[in-house]
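*Asks:* This structure is in C-alpha cells; I'll ask about it shortly.
The values are calculated or read from the model by the stated rules, or taken from the named source; none is laboratory data. These figures come from a predicted structure and were not determined experimentally. Cβ: placed from backbone, ideal geometry, glycine included. Neighbour counts: every protein chain shown. Quick note on the areas: whole protein, heavy atoms, side chains included, nothing else; ligands and nucleic acids left out. Shrake-Rupley method; radii C 1.70, N 1.55, O 1.52, S 1.80 Å.
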Amino acid sequence: MKKTKNLLLGSAIVGMIVATASMGTYSWFTSETNAQGDMENGTLEINNGADIEETLFSGVKFAPSQLQYGNWVSISNTGDMDTILKATYTHKVDKASLEKYAIGYMAMKYTVTPGQDVYEDAKIALENLFNGTTNERSVTSANLPEGVEVVGKVLSEAVADSGEIQLGEGDDDSFWQLEEGQYIDIMVGIKLDESAGNEYQGAKYDAGLKINAKQTDNGAEY
C-alpha cells in the first residue's frame, strides 16, 4: 500500500512539473518596422536681410526740363523660398509741390547677370518713355537675352503727385514673383517739367524705395 501511495504521489509531482512547464513562455517568430521624420522650416529672405547699399540717385543743380537717371539698385532672393514682392516708392519736395516732377522706372529680372548693353538699352527705353510727356505709358523690351525680363513705366501725374507709388503691387504679377536665386534691378528716373517756376529754385527732392516680400502661398500677408 505504501509503495502504491508513493507511486501516486510521484505521478502527481511529475504532473505538476509538466503543468508548470506548460505555463511558461514560448519563442515566437516576430517582425517590426519603424518610420521617423523631421521638418526644417524654409527661409524667406531678400538681400540677406540687409538694406540696399546703393543710393537711388544723387544730383545737384537740377533744373527745369532735365532728366535725372538713378542708379540701378538690386533686390535678390537670398532665401530658399519663392516670394512675391511689393515695391513702394515714396517722394517729397521741401519748398514746392510734386506736380512738376515726372517719375518713371525700369526694372529688370534675371538669374544670370546680363551684359552692360542690356542695361544701356533699358536706360534708352526709359528716356524714350518720358519724351516730353507724363501720361502713363509702359514698355517691355524685346530682343532680350534668354532668362531676362524688363518692364518700364512713366507714371501719370495723378500717381506721381500722390507721394506714394506702387511699382510692384504685391499681387500675382509674374514679374514681381522672385524665385530662389533670382534678382530684380530697378532704376528710377526723375524729370522736372520745363514749366517749373522760380518756386522750385533751391528745392530739395527726397525719395525712398521700400521692398516687402511675402510667401507665394494664397493668404500669405506682408
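*Asks:* Going residue by residue through the stretch 193-209, is there one that turns out to be modelled with pLDDT under 90 and either among the polar types (S, T, N, Q) or open to solvent by less than 20 Å² (accessible area, probe 1.4 Å) (or both)?
*Replies:* No, that holds for no residue.
*Asks:* Take the residues of the stretch 147-192 that are charged (D, E, K, R) and under 22 Å from residue 57 (Cα atoms): which is surrounded by the fewest Cβ atoms within 10 Å (Cβ to Cβ)?
*Replies:* Among those that are charged (D, E, K, R) and under 22 Å from residue 57 (Cα atoms), it is 164.
*Asks:* Of all residues in the stretch 42-72, count the ones that are open to solvent by less than 50 Å² (accessible area, probe 1.4 Å), assigned to a loop (DSSP other than H, G, I, E, B) and among the hydrophobic types (A, V, I, L, M, F, W, C).
*Replies:* 3
*Asks:* Confirm whether residue 58 is out of contact with any Lys or Arg (no Cβ under 7 Å at 6 or more places or on another chain) and in contact (Cβ under 8 Å) with a residue 24 or more places away in the chain.
*Replies:* It is false that residue 58 is out of contact with any Lys or Arg (no Cβ under 7 Å at 6 or more places or on another chain) and in contact (Cβ under 8 Å) with a residue 24 or more places away in the chain.
*Asks:* I'm told residue 97 meets every condition in (1) surrounded by fewer than 17 Cβ atoms within 10 Å (Cβ to Cβ); (2) within 15 Å of residue 208 (Cα to Cα); (3) over 14 Å from the mean Cα position of the chain (by Cα) except one. Can you identify the failing condition by its number?
*Replies:* Going through (1) surrounded by fewer than 17 Cβ atoms within 10 Å (Cβ to Cβ); (2) within 15 Å of residue 208 (Cα to Cα); (3) over 14 Å from the mean Cα position of the chain (by Cα) one by one, residue 97 breaks only (2).
*Asks:* Checking residue 114 against (1) closer than 30 Å to residue 44 by Cβ; (2) in contact (Cβ under 8 Å) with a residue 60 or more places away in the chain; (3) in contact with a strand residue (DSSP E or B) (Cβ under 9 Å, 6 or more places away or on another chain): exactly one of these is not met. Which one?
*Replies:* Among (1) closer than 30 Å to residue 44 by Cβ; (2) in contact (Cβ under 8 Å) with a residue 60 or more places away in the chain; (3) in contact with a strand residue (DSSP E or B) (Cβ under 9 Å, 6 or more places away or on another chain), the lone unmet condition for residue 114 is (2).
*Asks:* Right, something else. Inspect all residues belonging to the stretch 73-83 and state whether any of them is assigned to a loop (DSSP other than H, G, I, E, B), open to solvent by less than 20 Å² (accessible area, probe 1.4 Å), out of contact with any Pro (no Cβ under 6 Å at 6 or more places or on another chain) and within 30 Å of residue 217 (Cβ to Cβ).
*Replies:* Checked against the condition, which is being assigned to a loop (DSSP other than H, G, I, E, B), open to solvent by less than 20 Å² (accessible area, probe 1.4 Å), out of contact with any Pro (no Cβ under 6 Å at 6 or more places or on another chain) and within 30 Å of residue 217 (Cβ to Cβ), the stretch 73-83 yields at least one hit.
*Asks:* Can you confirm whether the stretch 21-29 contains a residue that is within 30 Å of residue 204 (Cβ to Cβ), of a type in the set (Gly, Ala, Ser) and either at pLDDT 95 or above or open to solvent by 80 Å² or more (accessible area, probe 1.4 Å) (or both)?
*Replies:* no
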